[in-house]
Structures are given as structure tokens and as C-alpha cells.
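All of the numbers you see were taken from the coordinates with simple rules; none came from a lab. Nothing here was measured: the structure is a model prediction, and the numbers come from that model. Cβ: placed from backbone, ideal geometry, glycine included. Neighbour counts: every protein chain shown.
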Amino acid sequence: ADGSRVACGLLKPAAPDIVESYGLLATSLPDQSVVGFSTVLAGNGIACFYGQAFGLASNLQSFLAEPSPGSDCQATNGCGVHIHSGPSCDTTETQGGHFYNKDALDEDPWALVGYSATDDSGTATFLECVATAQEDFSDTVMIIHESDGSRVACGPLVGAEDDNGTSFETDFDTPDIGDTIAKNDTTTKNNGTDFFVPDFETGDEEEDDFEDPSAAPSGEENTGDPSVAP
């Protein structure tokens, strides 16, 4: 009240935001026929990802779909697309549970994340941002779920560049899926965010400049994992 100086602090430049980019190809789990791809941008405790899955049940409409909710995907993990702790897709145990910082977050941020609909061919598109309070997504996997919550496809996240600066590449050989992708531009853009999408036919990848990951909207789908504690 008397105007005396009682506190002081030095202003310093903020540390630059670091965004890591990952790509993945999800292959079918045993007795399933679903495949897919995704690209992930992760930084500042948030993971934003875009992708597609092929071979799912057709004409699904999630109860969370906007603006026209349906009656599908109400099972635990129904229509879910989640990053799991990994480190591999070999078994349910090695796939792990939902990947987030349990010390920082009281609730599972993956509970309502996934795809909201499929078309006549069983293709789904998903675009989500999830606050995980995690920074390092190496050795994690992405799981795609059917409408009944079952795990149907899995793929390990691979850095867009390895330690030698080599771009992410794959020899994923699925001509039918390649034909599906080839009908569309393999560079997918949404709200100013450019993503790289692996080429299913050649194993090569197209890579664009990554822009603002916050441009991708946050998302929808379903609940914690019954077989592995999140």
C-alpha cells in the first residue's frame, strides 16, 4: 500500500516447443482383416493424429457422432483408436494399456477417442488431439478397435526420422489398400496441418512440412481397456 518494492523476477525467453512426428502402419491382429495408417504429432503433453482404417464393419454411426449421433460403438473401447504403452503388437500384454501420465491425470484421456463412422466399404477416418501429459512416444503402439471394442489392428509408432536422419519408410505390401489410397491424394491436409502418409504400394513416403498441430480438432470415441488396465 505504501508503494515499496516487495518482489522481483527476471524475464527469460521461453524454451521453444518441440514437436516430434511419427508414422505407423497398423496390420491385422490374429483372425482379423483390418489394416490402417496414421501419422502422429506429439509435443507439450499433447498427441494429435490423423489416419484411416480399412476393413471395419460397414455403415457404423457412433453414439458420439456429430451432428447426427447413431447407436453404434457403445461398448467399452467401441470404435476406439488409442495409443498404447507398447512396446510391440505381438500380444495383448506387449501392446500394453492406454498411454498417458497417470501421475498427472486423474482420468483416462483416451476414454472417448476414435472414429465416429464407417462408410459402405468399412473405411473410417479419424482426426484427434489428446492431452496425455506424455512427451516421449517411442516404443508405443496404436490400437484400432471394432464397434464391439475388440482389438482388430495394431501398429508401432516409428519416428519420421531415425537417428541418421532417414525418413520413415515401410515395405507394407497390400495392393488392395494401396489402390484405395491411390484414389486419393496421399498428402492429407486438414485445417492448415500437413501430414505425411506412407505409400502402401511402393513402401515410400510422402512428407510435407508440419505446421501447427493445434489446428487439428480434439475428439470423440470410447472407453478404457477391459483386458489391460489403462
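Key figures for this structure:
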{"quantity": "Cα-projected label distance for Ile18 with Ala1, points at 7 Å along beta-carbon direction, nm", "calculated": "4.9"}
{"quantity": "Whole-Hz ³J(HN,Hα) from phi, Karplus 6.51 cos²θ - 1.76 cosθ + 1.60, for the stretch 35-44, glycine and proline x", "calculated": "10, x, 9, 7, 10, 10, 10, 10, x, 6"}
{"quantity": "Alpha-carbon centroids, the stretch 87-106 and the stretch 108-133: separation in whole Å", "calculated": "17"}
{"quantity": "Dipole in debye (nearest 20) - the stretch 41-165, about Cα centre, beta carbon charges: Lys, Arg +1; Asp, Glu -1", "calculated": "260"}
{"quantity": "Amide H contacts of Thr140 (H built 1.01 Å from N, under 5 Å, at least 5 apart or other chain)", "calculated": "Leu157"}
{"quantity": "Counted charge near Leu56, where neighbours are those whose Cβ lies closer than 10 Å (Asp, Glu -1; Lys, Arg +1)", "calculated": "-2"}
{"quantity": "Karplus-derived 3J(HN,Hα), 6.51/-1.76/1.60, for each residue of the stretch 133-148, Hz, glycine and proline x", "calculated": "6, 10, 10, 9, 9, 5, 6, 10, 10, 10, 10, 10, 10, 7, 5, 8"}
{"quantity": "Leu29 long-range amide H proximity, modeled H, under 5 Å", "calculated": "Val34, Ala153, Cys154"}
{"quantity": "Ellipsoid semi-axes in whole angstrom, largest first, where each is sqrt(5λ) of the Cα gyration tensor of the stretch 1-153", "calculated": "37, 18, 14"}
